[in-house]
Amino acid sequence: MKVVVIGNCAIDRSFRLPRLPVAGETILAQESTLDVGGKGANQAVAASRAGPAVVLCSAIGRDRDGSCIRSRLYSEGVATEFVLERSGASDQSIVLVAATGENCIVTSHEMAWSILPEDTAGALACLTPGDVLLMQGNLPRQTTEHCLREGRRRGARAVLNPAPISYPYDNLWPLVDVVVMNEVESRVLTGDRDPRTGARALLRAGAGVVATTLGRMGALVVDGVCDRHVRAPSVPVVDTTGAGDVFCGVFAAGLALGLPTEQAAAWAVRSATLSVMRRGTQSAFPTREELASLRPTDPHGP
């Protein structure tokens, strides 16, 4: 089985700060770094390191940043024949990371927003029954809907991480097999502060399974049968950038490799926990060897 990711690529420019600035304040960074990022690329790399074949459909500029992105993806074993090159600058993200590990991110999306339904045809044609289609909230709504419908038609399992949230998903939930979101996104999408009741609201709207990441507390997996809390190991937090993408990529990889939902979520939680102990985006992700050692081995539990 394979994972087909349709999403964005970007260059992350990160600044490590003693604390996050307030409005109108200028603050000196303790360190700055450059890394490949973008939720689509991040999740593709995490999934590829976890084991299955991974195909990425995205768009980059014909610039140095675009060349850097393509080179990194190639080195990670991600199939890039559907990463389109276009005139203009590749998307960029500015990442501010406080000493506590919390962050705030601003990202451009001109390239991601240029991906239209017809641009995804080649990647979608790779899907076969049992494959996983992994998407985020960076694409135009018409493209997201088209991909979800085509994925369903081809028998793939659709995993949607609706972040950043830029439009409603009301009539799309029945096309989504697994929703992955954090607590903030859960409140925005459902209007409910309780992750459990928010998840149940999405189930009533048609989603198959809802996995809500809870930071240090791990993740909550809710389906039509029961609620399962997957706990995270207690570790020192250095930088949370990209941790949610590690969760999504490894979770999707676990499903593609045949793991039950709870075991895939447990693997994803452990992998994301390891990533927050390091600085950077993809450079902080667990290695292939680390992911292999973290993969659940008990066929009856996480």
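The values are calculated or read from the model by the stated rules, or taken from the named source; none is laboratory data. Being a predicted model, the structure only gives us computed values, none of them experimental. We place every Cβ from the backbone using ideal geometry, glycine too, and count neighbours over all the protein chains shown.
Can you tell me which of Asp91, Asp119 is acidic (Asp, Glu) and in contact with a His (Cβ under 9 Å, 6 or more places away or on another chain)?
Working: Asp119 fails: in contact with a His (Cβ under 9 Å, 6 or more places away or on another chain).
Only one candidate passes the filter, namely Asp91.
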Residue check, Gly258 free of Cβ contacts under 8 Å to residues at least 40 places away in the same chain, in a loop (DSSP other than H, G, I, E, B) and surrounded by fewer than 17 Cβ atoms within 10 Å (Cβ to Cβ)
no
Can you name the residue in region 194-208 that is part of a helix (DSSP H, G or I) and charged (D, E, K, R) and, of all such residues, is surrounded by the fewest Cβ atoms within 10 Å (Cβ to Cβ)?
Arg204
Across region 168-195, what is the number of residues that are under 19 Å from the mean Cα position of the chain (by Cα) and either farther than 24 Å from Val246 by Cα or among the hydrophobic types (A, V, I, L, M, F, W, C) (or both)?
12
Cβ contacts < 6 Å: first residue in contact (Cβ under 8 Å) with a residue 60 or more places away in the chain, restricted to region 276-287; second residue acidic (Asp, Glu) and not in a loop (DSSP other than H, G, I, E, B), any location; separation 6+ or different chain. Result?
Gly280/Asp35; Thr281/Asp12; Thr281/Asp35; Gln282/Asp35; Ser283/Asp35
Would you check which residues across region 15-25 are basic (Lys, Arg) and either at pLDDT 95 or above or part of a strand (DSSP E or B) (or both) and list them?
Arg16
When the residues of region 24-45 are filtered to those that are among the aliphatic types (A, V, I, L, M), under 21 Å from the mean Cα position of the chain (by Cα) and over 23 Å from Gly254 (Cα atoms), which remaining residue is surrounded by the most Cβ atoms within 10 Å (Cβ to Cβ)?
Val36
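In the set Arg216, Arg187, Arg228, which member is within 21 Å of Ala272 (Cα to Cα), touching a helix residue (DSSP H, G or I) at 6+ places or on another chain (Cβ under 9 Å), of a type outside the set (Ser, Thr, Tyr) and part of a helix (DSSP H, G or I)? I'd like the intermediate steps shown before the answer.
Details: Arg187 fails: within 21 Å of Ala272 (Cα to Cα); Arg228 fails: part of a helix (DSSP H, G or I).
The match here is Arg216.
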Criterion (among the small types (Gly, Ala, Ser) and closer than 23 Å to Ala265 by Cα) met by exactly one of Ala205, Ala121:
Ala205
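Are any residues in region 168-180 farther than 23 Å from Leu127 by Cβ and touching a helix residue (DSSP H, G or I) at 6+ places or on another chain (Cβ under 9 Å), and if so, which ones?
Residues of region 168-180 farther than 23 Å from Leu127 by Cβ: 168, 170.
Within region 168-180, Pro168 is the sole residue that qualifies.
Taking Asp239, is it closer than 19 Å to Val5 by Cα and buried (at least 23 other Cβ atoms within 10 Å of the Cβ)? Can you show your working first?
Values: closer than 19 Å to Val5 by Cα: no; buried (at least 23 other Cβ atoms within 10 Å of the Cβ): yes.
For Asp239, the condition - closer than 19 Å to Val5 by Cα and buried (at least 23 other Cβ atoms within 10 Å of the Cβ) - is not met.
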Any chance Leu172 is closer than 16 Å to Gly206 by Cα, touching a residue at least 12 places away in the same chain (Cβ under 8 Å) and surrounded by 22 or more Cβ atoms within 10 Å (Cβ to Cβ)
no
Among the numbered criteria (1) assigned to a loop (DSSP other than H, G, I, E, B); (2) within 22 Å of Val269 (Cα to Cα); (3) of a type in the set (A, V, I, L, M, F, W, C), which one does Leu28 miss?
(2)
Give me the residue from region 158-167 that is modelled with pLDDT of 95 or more and out of contact with any helix residue (DSSP H, G or I) (no Cβ under 6 Å at 6 or more places or on another chain) and, out of that set, surrounded by the most Cβ atoms within 10 Å (Cβ to Cβ).
Leu160
